[in-house]
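Each value in this text was obtained by applying a stated rule to the coordinates, not by laboratory testing. These figures come from a predicted structure and were not determined experimentally. Here the Cβ is made from the backbone with ideal geometry for all residues, glycine too, and neighbour counts use every protein chain on show.
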C-alpha cells in the first residue's frame, strides 16, 4: 500500500512529460538561411605580456580583446497547407499555405581574455584560446501578405573560442577561429557560434586588415507567453559570406 503514492506521483510525472512533448509541437520554427551576407568586424586588443613585441605581428602573448561583429540579411520560408502556425511578435501566422518573408539584423560584442602560443624555433604555427563575456542582439521581422511582426532579442552571456595562426611572414598570416556563445536565456538569444577564416595583413605597428570568410549560427529557444498557453516559435538564423575586419593592437 505504501507504494501507491509513489506510483501515483510517477504516473503524474509521466503524463506531464507526455503533455509537454505534445505542447512543444504546437508551432512551426522560424528558420532563416542567407549565404550572401557581408560580415564586417573590428577588434581592439591590448597585450598584457610580454611587452616589446610588434603588436600587429602575431606572437605568443597574454592579452585582452574587445570584438564587434554581425551582419544583416533576409530569407523566405514556405509553410505548406496544414502546417503548424508560426507564433512571433505577439502574432500567430496560421494561414497556410503561405510564404513568410524574414529580415534580420544581428550584432555581437565580446570582451575576452586571449592566450596565444607559437611553437618551435621558427614561430610560424600558433594556437590561441579565448574566454570572457559577450552580448548578442538580434532584430527580426517576419511578414506574410496580411501580417507583420518584429522583435528585438537581446542577451548577455559567456563566450569561449579557439583558433590557429599560420604566419607566411611576420606581417602576413592565415588565421582561423571558432567562437561559442551561451546565455541560458530562452526569450533572447540562447546561443550562437561563429567560424572565421581569413588572411591578416599588418599595416604599420598597431593595425591590421583581415579579409576572408565568416559564418554565424544563431538560435533562440522560446518560452511561453505570459498570457497564453501557446509556445513561441523557436528561431534559427544561419548566415555567412565574405568578411572584412580591422584590428587595432597595442
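Tabulated values for the structure
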| item | result |
| --- | --- |
| Label point distance in nm, residue 172-residue 26, each placed 7 Å from Cα along Cα→Cβ | 6.0 |
| Rounded to 10°, Cα long-axis angle of helix 3-23 versus longest principal axis of the chain | 70 |
| Convex hull projection area averaged over all views, the stretch 134-250, Cα basis, nm² | 9.4 |
| Relative exposure of 167, 117, judged by other C-beta atoms within 10 Å (fewest first) | 117, 167 |
| Label-point separation in nm, residue 99 to residue 64, each point 7 Å along Cα→Cβ | 5.0 |
| Per principal axis, descending, Cα span of the stretch 27-249 in whole Å | 65, 31, 24 |
| Contact order normalised by residue count of the stretch 27-249, Cα under 8 Å, 6+ apart, percent | 23 |
| Residues of the stretch 50-79 with amide N under 15 Å of the 7 Å Cα→Cβ point at residue 203 | 56-57 |
| Net length gained if the chain between residue 81 and residue 38 were fully extended (0.36 nm per residue, minus Cα distance) | 12.0 nm |
| Translational diffusion coefficient (Stokes-Einstein; Kirkwood radius from C-alpha pairs) of the stretch 68-157 at 25 °C, 0.890 mPa s, in µm²/s | 150 |
| Relative contact order for the stretch 23-142, counting Cα pairs under 8 Å that sit 6 or more residues apart, in percent | 26 |
| Euclidean distance between Cα centres, the stretch 107-154 to the stretch 34-101, Å | 7 |
| Antiparallel DSSP beta bridges within the chain, as percent of all bridges there, nearest 5 | 90 |
